[in-house]
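Beneath this line is the structure, given in C-alpha cells, with notes to follow.
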Amino acid sequence: MSKETLILQKPLKVNGEDLTELEYDLEAISIEHIARAEGEKTKLLGKNAAAGVKVAQADYLLHILIGEQAIIACNPKISTEDFKRVSGYDIVQIAAIGTRFFIPPTSPQEKPSEKSPVGIVVNSTAQ
C-alpha cells in the first residue's frame, strides 16, 4: 500500500488554508500513531473511558482516530484538534480509512474468495 487521497465533502480549514484533499498512508502508521489514537480516545470519552474498551476491529471511534493518524502521518501540519472540525460524511470516510487498517491485505498468491481473513466468519447460508 502507498499514499492515497481522501477527497473531502467539506473543506477542512488548517492554518487558514482550506484543504479539500488529504493524503494518507496506512503503511505509515506506527505504534506511536496507535498510542496517540488511543490517548485521544481516552480524552474524548473522559470519565467513560473504561466503558469505551472494545475489540479494535469493532471500535468505530478508534477507526476514526486511526484514520486521522494515517492522514497526519502524511500531513504533519494537521493536528488532532483540526479533525474536531470535520463533520458529516467526511467522518465516515476517515473511519473507513481506519477500518481498512484492521483488515489484512490479500496475498498475491491467494484469490480473495479462497480464504476468509483471520477472525472474520463468512456465512454463505442464504435465508
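Looking at the structure I just gave you, is Ile34 in contact with a helix residue (DSSP H, G or I) (Cβ under 8 Å, 6 or more places away or on another chain), within 24 Å of Gln9 (Cβ to Cβ) and among the hydrophobic types (A, V, I, L, M, F, W, C)?
Values: in contact with a helix residue (DSSP H, G or I) (Cβ under 8 Å, 6 or more places away or on another chain): yes; within 24 Å of Gln9 (Cβ to Cβ): no; among the hydrophobic types (A, V, I, L, M, F, W, C): yes.
No, not satisfied.
Confirm whether Ile72 is touching a His at 6+ places or on another chain (Cβ under 9 Å) and modelled with pLDDT of 75 or more.
Yes; evaluated as a whole, the condition is true for this residue.
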Open item on the list: Looking at (1) free of Cβ contacts under 8 Å to residues at least 24 places away in the same chain; (2) closer than 23 Å to Ser2 by Cβ, which one does Asp59 not meet, given that it meets all the others?
Closed with: (2)
Open item on the list: If I filter the range 80-103 down to residues being surrounded by fewer than 15 Cβ atoms within 10 Å (Cβ to Cβ) and among the basic types (Lys, Arg), which single residue comes out as nearest to Ala58 (Cα to Cα)?
Closed with: Lys84
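Would you pick out the residues in the range 13-29 that are assigned to a strand (DSSP E or B), aliphatic (A, V, I, L, M) and within 17 Å of the chain's Cα centre (by Cα)?
Taking the range 13-29 first, the residues assigned to a strand (DSSP E or B) are 13-14, 17-24.
Filter again for aliphatic (A, V, I, L, M), leaving 14, 19, 22.
Correct list: Leu22 only.
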Open item on the list: Report every pair of residues separated by at least 6 positions or lying on different chains whose Cβ atoms are under 9 Å apart, first residue within the range 37-48 and farther than 20 Å from Ile97 by Cα, second hydrophobic (A, V, I, L, M, F, W, C) and modelled with pLDDT of 85 or more.
Closed with: Leu45/Leu61
- [ ] Would you point out which residue out of Lys10, Lys77, Lys54 is touching a residue at least 12 places away in the same chain (Cβ under 8 Å), in a loop (DSSP other than H, G, I, E, B) and surrounded by 10 or more Cβ atoms within 10 Å (Cβ to Cβ)?
- [x] Lys77
Task: Selected residue (only one of Ile72, Ile29, Ile66 is aliphatic (A, V, I, L, M), crowded, with 16+ Cβ neighbours inside 10 Å and under 24 Å from Gly16 (Cβ atoms)) - done: Ile72
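The values are calculated or read from the model by the stated rules, or taken from the named source; none is laboratory data. This structure is a prediction, so every number in the text was calculated from the model and none was measured. Because the Cβ atoms are built from the backbone with ideal geometry, glycine has one as well, and the counts that use them run over all protein chains shown.
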